[in-house]
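Computed from the coordinates by the stated procedures, all read-outs in this text should not be read as laboratory data. All figures in this text were calculated on a predicted structure; none of them were measured in a lab. Don't worry about glycine lacking a Cβ; one is built from the backbone with ideal geometry, like all the others, and counts go over all protein chains shown.
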Amino acid sequence: MPSLLITGTGTGVGKTIITAALARAWRFLGIDAGVMKPLACGFDPGHMPHDTALLRASARVDDPLELVTPLAFEAPLAPSEAARLAGCEVDLVPVDAALDALQRRHTHLLVEGIGGALVPLTDEVAVADWAVRHRLPAAVVARTDLGTLNHTRMTLEVLAARGLCVLGVILNRVHGGPPGLDEQTNPAALRRLLTVPVWGPVDFVEGLGDAPPEEAVALLPRLAFADEVLAALS
């Protein structure tokens, strides 16, 4: 079944919001899309992470926490380091099993990565390595401001070197206010420099990050290109 990794050029680029918005849009298109955030850091392991709750609400699924987010750690660090701080190691076996289960439950699956492509899940396996292992194509979420030309190109080169198929780049504004010169010019520059589709930019939504999951769903940005991402995946 078609599954898509939503990775990013780094932390804080808006992967959760984009994944949730895609899930919501695909549901409106009649697609049975499951969601997964395999590892979450910076959350109480005994409670459902906010990001996981938002993804579930956006996709309108009732898949259990142990499938949507099989591993969670309290420290807001890379999984390998958060696990080390907790006195354990990241076991990817339940993560792999959860991915398989969700792929069997739904016709499509959106998988939100953690951090950027080379964030270590374990000392040996980065996000990109895990995606290659499961033959997941990727869409890369990137910021629109200064530095994104470098970060986006580096991310795509890393993914290409790993043999990962990149369907496209999704530009996402991470702050409000009028766009500066960098945000005005970067989208066109990326479309000129890259050989994959560049979608967006997606507008910043004030208050979305602080809203409870059920309320946040109504605030999610509308993605005019959601059908294009779906077509690229099919």
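Scan the chain and report its longest stretch carrying no GluC sites (Glu not before Pro) that are both in a DSSP loop and have at most 16 other Cβ atoms within 10 Å.
Looking at the chain, 125-205 is the longest stretch - no exposed GluC sites (Glu not before Pro) with at most 16 other Cβ atoms within 10 Å.
Just to be sure I understand: with springs between alpha-carbon atoms less than 10 Å apart, which residue in 197, 49, 212 has the highest mean-square fluctuation in the Gaussian network model of the chain?
212
Assign unit charges at the C-beta atoms only (+1 for Lys and Arg, -1 for Asp and Glu), then state the dipole size of segment 108-181 relative to its Cα centre in Debye, rounded to the nearest 20.
Dipole size: approximately 220 debye.
Extending each Cα 7 Å along its Cβ direction at residue 84 and residue 157, get the distance between those two points in nm, one decimal.
Output for this residue pair reads 2.7 nm.
Where does segment 93-201 land on the Kirkwood hydrodynamic radius, alpha-carbon pairs, in angstrom?
Radius from the Kirkwood sum: 15.2 Å.
Only four residue types carry charge here, +1 at the Cβ of Lys and Arg and -1 at the Cβ of Asp and Glu. Report the dipole size of the chain about the Cα centre in Debye, rounded to the nearest 20.
780 debye
Rg and Dmax of the chain, using alpha carbons, in Å: what are they?
Every Cα atom of the chain included, Rg and Dmax give 16.5, 47 Å.
Need the C-alpha centroid separation for segment 92-160 versus segment 24-43, integer Å.
Going from one Cα centre to the other spans 14 Å.
Antiparallel as a % of all DSSP beta bridges within segment 3-233, to the nearest 5?
Of the beta bridges lying entirely in segment 3-233, close to 5 percent run antiparallel.
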